Amino acid sequence: MSANGFGHLFRFTTWGESHGPAIGCVVDGAPPMIPISEADIQVWLDRRKPGQSKYVTQRKEPDTVKILSGVFDGVTTGTPISLMIENQDQRSKDYGDIKDKFRPGHADYTYWKKYGIRDYRGGGRSSARETASRVAAGAVARKVLSHLLGNQVSVRGALVQVGPHKVDRANWDWAEVEKNPFWTPDAKAADDWAGYLDGIRKAGSSVGAVIEVVAEGIPAGLGAPIYDKMDSDLAKAMMSINAVKGVEIGAGFGAAELTGEENADEMRPGPDDEPEYLSNHAGGVLGGITSGQPIVCRFAVKPTSSILTPRQTVDKDMQEADILTKGRHDPCVGIRAVPVGEAMMALVLADHLLRHRGQIGL
């Protein structure tokens, strides 16, 4: 049974393993005549690639993308777009000691139980290395959105919590996101997190994080009322990212603490015959359909399971064992999840935009 693709009219399928020769994706459903180049995709991959600071894995991968099909004379042809990223810095020997043991918190045991075989080199298919393919596909989705809706569309993500430490929303400045290694909009939080993560990194441990993704310039009316709601598809998209354990839209779980009066996003007449909302607790989605407000989604990423502290486990013979994971790992994998979350948001929006165009028109 295939379970490696996502989307309906705009669909992508990823392939490859962490320590294989290459990873990549096939994007199907992109309309023809959209200008696109490898450089348009590379700019987003460069934001996700490893080794950019001491707070992420030091695996050195250029993540150079190659377009193999679906583009001719600089524009999409309407046929499947195949993208490939070669792996160049594998160190499979780092995993030799764990080939018969199951790492706690990893998918080692569940993959082995399901398939009867697992690629122990960096987790194989379950590795976060797979997310580079998502970012490449997301770059195509961004081109679709801007082609059909104009350049007013933006999809931006930010790190809003590391371990127990949250940003101060009074300090929020989107311009700061590109100025620090944590992709956070709070410059003070970035300074504080640097010292905190230095300690975590030197201890060989890890912490979790929360990422917020915001899409603006999306018109009202995208989505569906029941089983293909915009927010349910966003939740599935974000939950499909490696290490994600929770998703919320708008106020999310915080809405449970509000009264009906507080939670209601009151409306007043606005410009261009559109309403003006006085708040956005709904996160830009009402009844599964976009409201025209910014779409706000947050997801929680667990601590990286590969740590240097010995942990108790079992081996394939169900014998007791101790394990520590060597190699190069993220002390906070949530940092590099920011561009991945952006990509998944763009992919969901592009899919729903094409579905809306097919049913209703633009």
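The values are calculated or read from the model by the stated rules, or taken from the named source; none is laboratory data. Since the structure is predicted, the reported quantities are computational estimates derived from the model, not experimental observations. Methodologically, a virtual Cβ is constructed for each residue, glycine included, from the backbone with ideal geometry; neighbour enumeration extends over all protein chains shown. For accessibility, only protein heavy atoms count, side chains too; no ligands or nucleic acids. Shrake-Rupley method; radii C 1.70, N 1.55, O 1.52, S 1.80 Å.
Just a few scattered comments:
- Residues of type aspartates and glutamates that Lys302 reaches as a straight line, Cα spacing below 13 Å, ignoring anything fewer than 8 places off in the same chain: Asp330
- Computed from the Cβ-Cβ distance with R0 of 22 Å, the FRET efficiency linking Glu262 to Ser232 stands at 0.35.
- Gain on full stretching of the segment that runs from Ser240 to Ala203 - 0.36 nm per residue minus C-alpha separation: 10.4 nm
- Over 19 Å [Cα-Cα, region 184-237], rounded percent: 55
- Rg and Dmax, both from the Cα atoms of region 215-341 and both in Å, are 20.5, 68.
- Separation in nanometres of the label points that stand 7 Å from Cα toward Cβ, at Lys66 and Asn280: 4.1
- Listed pairs Lys143/Lys229; Lys66/Lys143; Lys188/Lys245 exceeding 20 Å between Cα atoms: Lys143/Lys229; Lys188/Lys245
- Each residue of region 347-362 is assigned a 3J(HN,Hα), and the resulting list reads 5, 5, 5, 5, 4, 5, 5, 5, 5, 5, 4, x, 8, 10, x, 10 Hz, derived from the Karplus form 6.51 cos²θ - 1.76 cosθ + 1.60 (θ = phi - 60°), x at Gly and Pro.
- Stokes-Einstein diffusion coefficient of region 77-197, Kirkwood radius over Cα pairs, 10 °C, 1.306 mPa s, in µm²/s: 86
- For region 226-280, the calculated P(r) over all alpha carbon pairs, in 10 Å bins from 0 to the bin holding the longest distance, is 19, 32, 36, 11, 1 percent.
- Averaging over all projection directions, the Cα-based convex hull of the chain occupies 19.5 nm² in the image plane.
- Distance between the pseudo-spin-label points of Phe253 and Ala22 (7 Å out from Cα toward the beta carbon): 4.2 nm.
- Building the convex hull from the alpha-carbon atoms of region 270-317 and averaging its projection over directions returns 7.5 nm².
- The solvent-accessible area of Arg311, taken with every protein chain present and a 1.4 Å probe, is close to 120 Å².
- Met239 accessible area, 1.4 Å probe, all protein chains in place, Å² to nearest 10: 90
- For the chain, a Gaussian network of Cα nodes joined below 10 Å ranks Val71, Val301, Val333 by mean-square fluctuation, and the top entry is Val71.
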